[in-house]
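Student: A single structure is presented below for examination.
Just so you know, all these numbers are worked out from the coordinates, no wet-lab data involved. What you are looking at is a predicted structure, and each value in this text was computed from that prediction instead of being measured. Cβ sites come from the backbone with ideal geometry, for glycine too, and all protein chains shown count toward neighbours.
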Protein chains: 2
Amino acid sequence: MEDNILQQKLELLKKKNEKAYLEFTSSFEVGSSKKGELLIPIDKICTKLYILKSGVAKQFRYKEDGSEYISWFNFEGDMMTSHISFVSQKPSIEGIKIIEDSEYTFVPRDVCYELSEKYHAVETFFREILEMYSQAAEERLYFLQALSAKQKYDYILKNMPHLLQRVPQKELSSFLGITRETLSRIRKHS
Amino acid sequence: MEDNILQQKLELLKKKNEKAYLEFTSSFEVGSSKKGELLIPIDKICTKLYILKSGVAKQFRYKEDGSEYISWFNFEGDMMTSHISFVSQKPSIEGIKIIEDSEYTFVPRDVCYELSEKYHAVETFFREILEMYSQAAEERLYFLQALSAKQKYDYILKNMPHLLQRVPQKELSSFLGITRETLSRIRKHS
DNA sequence: TGCATTAATTGACATTTGTCACACGTATTC
DNA sequence: GAATACGTGTGACAAATGTCAATTAATGCA
């Protein structure tokens, strides 16, 4: 989504330092996964950074009661990884699962950090990605804490309508932090 | 808190590039504020990055119904700013208010970005700060969405006990996303 | 195509948390 | 030091959302 802001950042990198850009992008590999596949399992150390070319994926954990908590959905153009594990190289507490057949490219984590160290421009690229990422997290925090179930649904309707078309309600409700039943009832009265 | 991880990062910067370190730290200015003072008002563009030396501050917004949403508390050693406004230079949707007399240093935003561009090591410094920041945001997201009122309180008790000593219950409850009354009742039965 | 599995809907009811009103004690201030 | 504002505690009640169970709709697979 977001009309390929990631692509724009990559273009910027290319303009700034073509050598760095080429070295970075030439280490991209391609892959694909079917619906239901676990791209990053919980408890494993995450060593790759993914860029989704097509399809949909979800980032999730399990709560204490065994139910699922969905922290984010990823669509075409999105960069994704199990962020905390990627940075810290500890076992991941979040997993990534494909929920619609997907194609993607990926880079090994080491390449990201090596090139960040080698090229200032690559470091800048990642700093800017992180800036966007934390903005999104901050907005989501407010969204989750400050809005009622109905307000959350209206927010999605207005700001992320593609979710409604491409994500099952079961998953959407978990993303909103409400039950399927509540979501179903809200939809009925909208 | 976090036993001055920020200080560690600054030391690292110094070791990597002393010139950059000196240029960065020499543009720090000092300031102080009394309890109740608004360090960063809502709707203003945020142009400074603060490091709290002593005291406590809160980052907050107002919800649609006028009640307060507290996104974070800052203590000695914490870096703080209105993140989204700082990055985007748009009017801030969050404010920062002093809730215990504070001393701090601050750097103009422009210096941060100029030095990030000028020195690779400074860029790395900020990238790492952002990595920590997004990890914290991610954990807070899970905390808010996945836990009940009582679980949230127990989590604070266990992981952020200093909050209980230095933050009024009114503010703490807002941080937890529950009402004062609910917090009061939970405390009674603990 | 048809069977089997999964997702969504719906109703009755339970639970959690919020709201409102008021009492009480503690700071703050003039 | 009295007066005022502010933070906290508590009770009665209301509202929002969750839980459980059953039914229907949709989807995927043989």
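Student: What does the charge count near A:Lys34 come to, summing +1 for each Lys or Arg and -1 for each Asp or Glu among other residues with Cβ under 14 Å from its Cβ? Display every interim value, and only then the final one.
Tutor: On the way: positive: A:Lys35, A:Lys97; negative: A:Glu37, A:Glu100, A:Asp101, A:Glu103.
Net of charged neighbours comes to -2.
Student: Could you put B:Ile40, B:Ile129 in order, starting from the residue whose Cβ has the fewest other Cβ atoms within 10 Å?
Tutor: On the way: B:Ile40 22, B:Ile129 17.
Lowest count first: B:Ile129, B:Ile40.
Student: Then there is this: Trypsin sites (Lys or Arg not before Pro) within segment A:20-57: which are DSSP loop residues with at most 13 other Cβ atoms inside 10 Å?
Tutor: Details: sites: A:Lys34, A:Lys35, A:Lys44, A:Lys48, A:Lys53; in loops: A:Lys34, A:Lys35, A:Lys44.
Within segment A:20-57, the qualifying trypsin sites (Lys or Arg not before Pro) (loop, at most 13 other Cβ atoms within 10 Å) are A:Lys34, A:Lys35, A:Lys44.
Student: Separate question: Over segment B:5-136, what is the relative contact order in percent, taking alpha-carbon pairs closer than 8 angstrom and at least six residues apart?
Tutor: Values: 255 pairs, mean separation 44.5, N = 132.
Computed over segment B:5-136, the figure is 34 percent.
Student: Rank these for me by crowding, A:Asp154, A:Asp110, going from fewest to most other beta carbons within 10 Å.
Tutor: Numbers: A:Asp154 14, A:Asp110 11.
Exposure proxy ranking, most exposed first: A:Asp110, A:Asp154.
Student: Quick one: compute the contact order of segment A:4-77, relative version, from alpha carbon pairs under 8 angstrom and 6+ residues apart, as a percent. Provide the component values of the computation, followed by the final result.
Tutor: Working: 55 pairs, mean separation 17.7, N = 74.
That works out to 24 percent.
Student: Find every distance from the label point of A:Leu157 to the corresponding label point in the other copies (7 Å from Cα along Cα→Cβ) and write them in nm, one decimal, shortest first.
Tutor: Label-point separations across copies, in nm and ascending: 4.1.
Student: If you don't mind, there's one more thing I want to ask. Summarise the long-distance tail of P(r) for the protein assembly as shown by giving the % of C-alpha pairs beyond 29 Å. Walk me through the numbers before you get to the answer.
Tutor: Values: 33261 of 72010 pairs.
Cα-Cα pairs of the protein assembly as shown separated by over 29 Å account for 46 percent.
Student: Further question on the same structure: Mind running the shape call on segment A:147-190? Use the C-alpha gyration tensor, a ≥ b ≥ c as the square roots of the eigenvalues: rounded below 1.5 for a/c, prolate if a/b tops b/c, oblate otherwise.
Tutor: Values: a/c = 1.37, a/b = 1.10, b/c = 1.25.
Because its axes are fairly even, with a/c under 1.5, segment A:147-190 counts as rounded.
Student: Cα-based Rg of segment A:2-76 per 2.2 N^0.38 Å, rounded to two decimals? Write down the numbers at each step before the final one.
Tutor: Working: Rg = 15.8 Å, N = 75, 2.2 N^0.38 = 11.3 Å.
Against the compact-globule rule of thumb, the ratio is 1.39.
Student: Here's a follow-up. Among B:Lys170, B:Lys188, what is the fewest-to-most ranking by other Cβ atoms within 10 Å? Before the final figure, lay out each step's value.
Tutor: Values: B:Lys170 13, B:Lys188 7.
Ascending Cβ contact count within 10 Å gives the list B:Lys188, B:Lys170.
Student: Can you tell me the dipole magnitude for the protein assembly as shown around its Cα centre, using point charges on the Cβ only (Lys, Arg +1; Asp, Glu -1), in Debye to the nearest 20?
Tutor: The dipole magnitude comes to about 1120 debye.
Student: Pairs of alpha-carbon atoms within less than 8 angstrom and 6+ residues apart define the contacts here; what relative contact order does segment A:147-190 have, in percent?
Tutor: Contact order relative to length: 42 percent.
Student: A follow-up question, please. What number, in nm² with one decimal, is the all-direction average of the projected area of the convex hull of the alpha-carbon atoms of segment A:40-190? List each step's numbers first, then the result.
Tutor: Values: hull surface 38.1 nm².
Directional mean of the projected Cα hull area for segment A:40-190 stands at 9.5 nm².
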